[in-house]
Amino acid sequence: MKLFTWISDHLLLFVLVVGAFSLLFPGPGSSLSWTVTPVLAIMVLNVSLTIKAEDLKQVKRYPFMIFWSVFLQFIPMSLFALLLGKLFTQQTGISTGQLLLGSLPADVSAPLMVYLAGGSTALATAMLVVAMALTPFVLPNVLAWFGGVTFKVPVSYLVGELTGIIIIPVVIGIFLNYRSAKVREKEQLWSGIASLCYIALLFVVVSSNAKAIIALKTFALFIVLAEIALNLFGFMLAYLSRLVFKQKDTFLPLLFLVSSKEFGIASAAVETMKLNTALVIPSAFYAVVQMISSPAMVKITKELCQSKNS
């Protein structure tokens, strides 16, 4: 149990080491892309095992903030991504891919980051589920309004992800937590396993995109800067929301939901619709950025809370 707690507490260290290794030696991880779906489901299940029945009451208290998180994920992030696409590149495919990235819903790993930072996992999960459910309706319209892009959402991919990776593991996790005292007692074990899943996902994601990142050479730096800017903008939107609404409980869910993007949707769209592969480049870079910045933000928020309490 102590080992798993130590892994969760030092997630940022593992992310930096594994990320660097995957970029330098992409061979082993690049052949493991088939593991992403089951590992995501296991991660969501273990995070959901920490959600208590009483935590669900908090979800009922913030219906507006749930939809506010969805608005932030799709509209301001899309507009800022569109601006970054115009500023950082003149290549149409990459610029459109940047808009696509900004229009995506939050990443599946966001509730884990919220849990590790000490926030409401139940509220974060509710925000994620609503955003994913609305994506087939919102995403094509956002792309058409802001970029004049006709885009067919990979509905089968989204339905499969929403059902198999999110809803079923969440329902099972909450049910087991409710029925078993032993499950509730081993909360640190579940968070530790989920953290290991996150590290494994980072290994595969970085390895799979390493060649594309290295091949762009100097231009890769501009894309990295664009993705860092988009990521920081998401953090800023969450902070401004806290200042405006003055709701402490919703800050951490917003912080990690708004700043993260479910980059797998872009890859699925490119593969199923045989689109220009340049569309997925911004999402690939953002995947690496957010998988490093999210654990870093967890560490920052925990240290800030500890300094306030001391």
Item checked: Segment Glu54-Thr5, extension gain: residue separation times 0.36 nm, minus the distance between their alpha carbons -> 15.3 nm
Notebook entry, point to check: Packing-wise, with mean Cβ within 10 Å as the measure, how do 294-304, 210-220 rank, highest first?
Noted result: 294-304, 210-220
Notebook entry, point to check: If R0 is 30 Å, what FRET efficiency do you get for Lys248 and Ala215 from their C-beta distance, rounded to 0.05?
Noted result: 0.10
Checklist line | Cα extents of segment 2-309 along the three principal axes, largest first (Å) | finding: 55, 42, 41
Notebook entry, point to check: If you average the sequence gap of Cα pairs under 8 Å that are 6 or more apart and divide by the length of the chain, what percent do you get for the contact order?
Noted result: 34 percent
Next item on the list: Under a cut-off of 14 Å between alpha-carbon atoms, report the aspartates and glutamates in cross-link reach of Lys152, not counting same-chain residues fewer than 8 places apart.
Entry: Glu271
Notebook entry, point to check: What order do you get for 42-53, 112-123, 58-69, 183-194 when each peptide is scored by the mean count of other beta carbon atoms within 10 Å, highest first?
Noted result: 112-123, 42-53, 183-194, 58-69
Margin query: Filter Lys186/Lys308; Lys186/Lys302; Lys52/Lys248; Lys86/Lys217; Lys182/Lys308 down to the pairs with a C-alpha to C-alpha distance above 30 Å, please.
Written below: Lys182/Lys308
Notebook entry, point to check: Where in segment 95-112 does the amide nitrogen come within less than 17 Å of the point 7 Å from the Cα of Met236, taken along Cα to Cβ?
Noted result: 102
Margin query: Can you show me the helix-derived [θ] at 222 nm for the chain, built from DSSP H runs with n ≥ 4 at -39,500 (n - 2.57) apiece and divided by the number of residues, rounded to the nearest 500.
Written below: -25000 deg cm²/dmol
Checklist line | Reachable aspartates and glutamates from Lys60, criterion Cα separation under 14 angstrom, eight or more residues apart if same chain | finding: Asp249
Check: Listed highest first by mean packing, meaning other Cβ atoms within 10 Å per residue, what order do 199-205, 14-20 come in?
Finding: 199-205, 14-20
Check: Hey, rough spin-label estimate for Phe222 and Lys308, points 7 angstrom out along Cα→Cβ, what's it come to in nanometres?
Finding: 4.1 nm
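A short reminder: the numbers here are calculations on the coordinates, not readings from a lab. The shown structure was predicted, so the numbers you read here are calculated from the model rather than taken from an experiment. Virtual Cβ from ideal backbone geometry, glycine too; neighbours counted across all protein chains shown.
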